[in-house]
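Some notes on the structure that comes next.
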Amino acid sequence: MIKNIIFDIGNTLVYFDHNIFFDGVARIEKTFNVNSFRDYIKSNKLGQKLASSKITHRKVYNLLKKEFDIKTSYSDFIHIHNDIFWENTNMKDFLSKISNDKRFELFMLSNTDSEHMKFLNKNFSYINVIKRRVLSFEVKMLKPDRRIFQYTIKKYKLLPKETLFIDDLKENVLSADNLGINTFHYTTHDSFLKQFNNIIPQ
């Protein structure tokens, strides 16, 4: 019997697209090569470093300013960095319903950085029904590392067989599955609901 449901955030509770950030900076800068900008960030794993608190947002900004001579102010840079999300209305409705179901305890497990989390809490209030959270920038671990799942299980005293983990990335789902946690690979909301209703009686 499932008693605990752990939600990922990005492309699960809310949608996001990093290309919105790259295009947003490009619109301001106009004169630089957006592909080189994107490749630099990805090859240096700046997103992962932010999400594991190995680097600060100010440091990332200074690196990019030096490398690409960007003119965007730091405050505008943070705004563009954050403004890449939009509501998953179907999941919002599901979360509203499931949060009132006394059979389940809700948790959050996400690779995210501190600025993104502040933005999400402020602009997508429906996620705030989930109070128990393991956030990568706080624990300095990233999915799919099994240690972050083990940490979550230990922190909240969960039994894997009573726990369901929902994530949009297959590698994260497989890592949780290898620890005996029940998993859903979130691709479309319709397929998710069908799977959920098949294993959990309504």
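Throughout, read-outs are computed from the coordinates displayed, never taken from laboratory work. Just so it is clear, the structure is predicted and the values come from calculations on it, not from any experiment. Cβ sites come from the backbone with ideal geometry, for glycine too, and all protein chains shown count toward neighbours.
With only Cα atoms counted, the chain has Rg and Dmax values of 18.1, 57 Å.
Please report, in debye to the nearest 20, how large the charge dipole of the range 18-82 is about its Cα centre when each Lys and Arg carries +1 at its beta carbon and each Asp and Glu carries -1 there.
Details: 12 positive and 6 negative charges, 52 e Å.
Here the range 18-82 has a charge dipole of around 240 debye.
Close Lys pairs in the range 18-82, defined as Cα atoms under 22 Å apart and 8 or more places apart or on different chains, number 19. The helix-only estimate of mean residue ellipticity at 222 nm for the chain, built from DSSP H runs of length n ≥ 4 each weighted as -39500 (n - 2.57), is -14500 deg cm²/dmol after division by the residue total. Largest first, the extents of the alpha carbon coordinates of the range 1-43 on the three principal axes equal 56, 21, 8 Å.
Using a Gaussian network for the chain with springs between C-alpha atoms less than 10 Å apart, which of these wobbles most: Leu106, Leu46, Leu63? Most flexible of the set in this elastic network: Leu63.
Could you calculate the FRET efficiency of Met1 with Lys170 from 1/(1 + (r/R0)^6), where r is the beta carbon distance between them and R0 is 22 Å, rounded to 0.05?
Values: r = 26 Å, r/R0 = 1.17.
Result of the calculation: an efficiency of 0.30.
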